[in-house]
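See below for the structure under consideration.
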Amino acid sequence: MRRASPSPRLAVWKFASCDGCQLSLLDCEDQILAVADAVDIAYFPEARRANVHGHYDISLVEGSVTTQHDAERIQEIRHRSSFLITIGACATSGGIQALRNFADIKQYTALVYAHPEYIRTLETSTPISDHVKVDFELRGCPINKMQLIDVLSAFLIGRRPITPAQSVCVECKMKGNVCILVSQAVPCLGPVTHAGCGALCPSYNRGCYGCFGPKETPNVSALSNRLEELGMNKEAIGRLYSTFNVNATPFREEKERHDTQDH
């Protein structure tokens, strides 16, 4: 039953992204019903047709800023939102599309589009926090749906969200996994990556790809040195950091350091 008093208004916005994080919210099943009962979902094109204008108590933003229109639109959204929460690697670090930040965007568009002169895009893909104040960042590619529910609940009742600060290595230990970096010399970003995926890839003997971005104070240089000891060349190490969170500061700096050393 809905409360008699007006419910907080929730809006979900899309910028440059694949929609995967919005789908994670829709995949919450029973939990999403509780959320829908606690808030007024005023704007969420992925889920409903309603488009309620005005001010929003909470805005969830998926995707990075890649056009001038995006840069202008996020300013308006910030102005209309009491709390703005970015969700996913695209919104928190620029996403996989931030690989453009290390290349010539005109060359990219010429290779992909028959008429690149019609393409209007920025030379970079940047996180939302580069443009406006962000109240909380929820990382992941895609995000952990239960973490999202916790973050929404936290903002609704006025407490701090509970998201893990440790690395993926802790999740591996909790699952009883043997470390593939140590035992099999498999390149893995687990030691420097924020927990949240449940150590999905290492559980299947695949190295972590860094989907949840760098953890707090990651020692990326120590990991890179270890990877060199295992026989990886500098190009391969730089490429390891060049995935979903390539524009996150620790990963970007480590990629650039190895790119520079190669030339």
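The values are calculated or read from the model by the stated rules, or taken from the named source; none is laboratory data. Every value quoted in this text rests on a predicted model; they were computed, and no experiment measured them. We place every Cβ from the backbone using ideal geometry, glycine too, and count neighbours over all the protein chains shown.
Values computed for the structure shown
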item	result
Complete set of residues in segment 26-85 that are of a type in the set (S, T, N, Q) and part of a loop (DSSP other than H, G, I, E, B)	66, 67
Tabulated pairs, segment 194-214, first within 18 Å of residue 237 (Cα to Cα), second assigned to a loop (DSSP other than H, G, I, E, B) and hydroxyl-bearing (Ser, Thr, Tyr), C-beta under 6 angstrom, 6+ apart or interchain	209/243; 210/243
Subset of segment 101-135 [within 24 Å of residue 79 (Cβ to Cβ) and of a type in the set (A, V, I, L, M)]	122, 128, 132, 134
Test: residue in segment 88-104 that is out of contact with any strand residue (DSSP E or B) (no Cβ under 7 Å at 6 or more places or on another chain) and assigned to a loop (DSSP other than H, G, I, E, B)	yes
Test: residue in segment 97-116 that is in contact (Cβ under 8 Å) with a residue 60 or more places away in the chain, in the same structural domain as residue 17 (by TED's automatic domain parsing) and of a type in the set (A, V, I, L, M)	yes
Evaluation of residue 32 against (1) under 18 Å from the mean Cα position of the chain (by Cα); (2) crowded, with 17+ Cβ neighbours inside 10 Å (one fails), failing number	(1)
Which listed residue is modelled with pLDDT under 95, touching a helix residue (DSSP H, G or I) at 6+ places or on another chain (Cβ under 9 Å) and under 25 Å from residue 250 (Cβ atoms), from 100, 120	100
Residue list for segment 117-145, filter: among the hydrophobic types (A, V, I, L, M, F, W, C), in contact (Cβ under 8 Å) with a residue 24 or more places away in the chain and not in a helix (DSSP H, G or I)	122, 132, 134, 136, 138, 141, 143
Residue count for segment 57-73, restricted to those that are surrounded by fewer than 24 Cβ atoms within 10 Å (Cβ to Cβ) and either farther than 13 Å from residue 148 by Cα or among the aromatic types (Phe, Trp, Tyr) (or both)	8
Condition met for residue 35 (touching a strand residue (DSSP E or B) at 6+ places or on another chain (Cβ under 9 Å), in contact (Cβ under 8 Å) with a residue 40 or more places away in the chain and closer than 29 Å to residue 121 by Cβ)	no
